[in-house]
1. Only one residue in 195, 187 is within 12 Å of ligand 1 (Cβ to nearest atom), at pLDDT 95 or above and either farther than 24 Å from residue 319 by Cβ or assigned to a loop (DSSP other than H, G, I, E, B) (or both). Which one?
2. Take the residues in segment 125-155 that are surrounded by fewer than 21 Cβ atoms within 10 Å (Cβ to Cβ) and of a type in the set (Phe, Trp, Tyr); name whichever of them is farthest from the chain's Cα centre (by Cα).
3. Here is a list: 333, 326. Which entry is out of contact with any Ser or Thr (no Cβ under 7 Å at 6 or more places or on another chain) and at pLDDT below 95?
4. Could you check segment 319-338 and list, in sequence order, the residues that are among the aliphatic types (A, V, I, L, M) and either part of a helix (DSSP H, G or I) or in contact (Cβ under 8 Å) with a residue 40 or more places away in the chain (or both)?
5. Out of 116, 122, report the one residue that is at pLDDT 95 or above, in a loop (DSSP other than H, G, I, E, B) and surrounded by 12 or more Cβ atoms within 10 Å (Cβ to Cβ).
6. Can you pull out the residues in segment 175-193 that are in contact with a Gly (Cβ under 7 Å, 6 or more places away or on another chain) and away from ligand 2 (no atom under 16 Å from the Cβ)?
7. Can you find even one residue in segment 187-206 that is more than 30 Å from residue 227 (Cβ to Cβ) and in contact with an Asp or Glu (Cβ under 6 Å, 6 or more places away or on another chain)?
Amino acid sequence: MEEKDVGQSRAGQGTAMELPNESVNEDEVSEFVTLRPKVLDEYIGQTEVIEALSITIQAALQRKEPPDHILFHGPPGLGKTTLAHIVAEEMGVDITTSSGPALERGGDLLGILTHLDKGNVLFIDEIHRLPKVVEEFLYPAMEDFAVDFVFDKGVHARSHRYRLEHFVLIGATTRAGLLSAPLRERFGIFRTLDFYSDQELVEIAKRSAALLDVPIDIDGSYEIARRSRGTPRIANRLLKRVRDYAQVRGSGVIDRETVKQALELEGVDEKGLSILDRKYLKTIIDFYKGGPVGIEAIAATLQEESDTLVDVVEPYLLNTGFLTRTSAGRKVTEKTYHHFGLAMQKGLFDT
Ligand SMILES: Nc1ncnc2c1ncn2[C@@H]1O[C@H](COP(=O)(O)OP(=O)(O)OP(=O)(O)O)[C@@H](O)[C@H]1O
Ligand SMILES: [Mg+2]
């Protein structure tokens, strides 16, 4: 399997595309090399998604036909990109990656599409941020494996139909609701990833620790798991911070006490809430009497992008009952007050 990253390997060509910096943070690049599962068998959790994918892949391989287009939906860091690479790996095909904001013009997409061979995977991350003009290109490409490209404008306009190979589009999005209906409907397979259970995150922490060659005991892995916001990317990130701490301050082994001390320094509390999570909840309590309050008001008070709050912060808080959403806005719950009340006596929440 060959990996092409359009944002990098083709940057010198006419259809140069830059991946936005935010999507290639350092954390992800180094994780990619070592910690990301490469095949279905290595993948921990999301059992239903994995089973369905495995059937899709086996059926496609038996028929020697590419599978349907696939859309993965779910909060950041749950494994969408990982699964896209796994599908390509299991199918034994090349994968080309790009992202919604990187594809500014129809021509950008055309350049990529015409380079795809039969069965190749095109992975488009943040597909909900694809500009409308590019999205319209994608409709016939996905459905009929052809695109009509119009050169020039006005009286000189001429159209050329490009035939494409039968490629597989894999899209990833944190906000399925922002996808237009015509685009959503062209995906034969639509899978939502859910937050991971503590047990699954224990397995992930143990697996990553083994790959990083750092000793961890069962209590240590459990302590990391329950502070990871149900998210493998966070589990891996915390593990690396704890590894540093264990190496410098501890005995080298990751145990419960090391995790506690290390993550207190990172501002992660025992429920896994980050500094931003707590600021968000405290804002609703302190400024809006616990809510209900609209997202824009919270964003303005916090001086954060409302998109960040909706994509990154809220899903986990909603999932764990620290937050509810009503037609009148966001509200914190009794659990939230309880969490802060108890915790404030311990002096852990000075944000
Ligand atoms: N099931 C898993 N088992 C072990 N590690 C995992 C698993 N799923 C994800 N990871 C780890 O978590 C990291 C984040 O996963 P990934 O990049 O696929 O998330 P994502 O859903 O694409 O996030 P984003 O929306 O931010 O792009 C990966 O680098 C990988 O190391
Ligand atoms: Mg991703």
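The values are calculated or read from the model by the stated rules, or taken from the named source; none is laboratory data. Note that the structure is predicted; figures quoted are calculated from it, not measured. Here Cβ is always computed from backbone atoms with ideal geometry, including for glycine, and neighbour counts include all displayed protein chains.
1. None of the others qualify; the one that does is 195.
2. 151
3. 326
4. Those that are among the aliphatic types (A, V, I, L, M) and either part of a helix (DSSP H, G or I) or in contact (Cβ under 8 Å) with a residue 40 or more places away in the chain (or both): 323, 332.
5. 116
6. Selection gives 187 alone.
7. yes
One line per residue, one yes/no per condition, for (1) in a helix (DSSP H, G or I); (2) buried (at least 17 other Cβ atoms within 10 Å of the Cβ):
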site: 222; (1), (2): yes, yes
site: 229; (1), (2): no, yes
site: 236; (1), (2): yes, yes
site: 239; (1), (2): yes, yes
site: 245; (1), (2): yes, yes
site: 263; (1), (2): yes, yes
site: 271; (1), (2): no, no
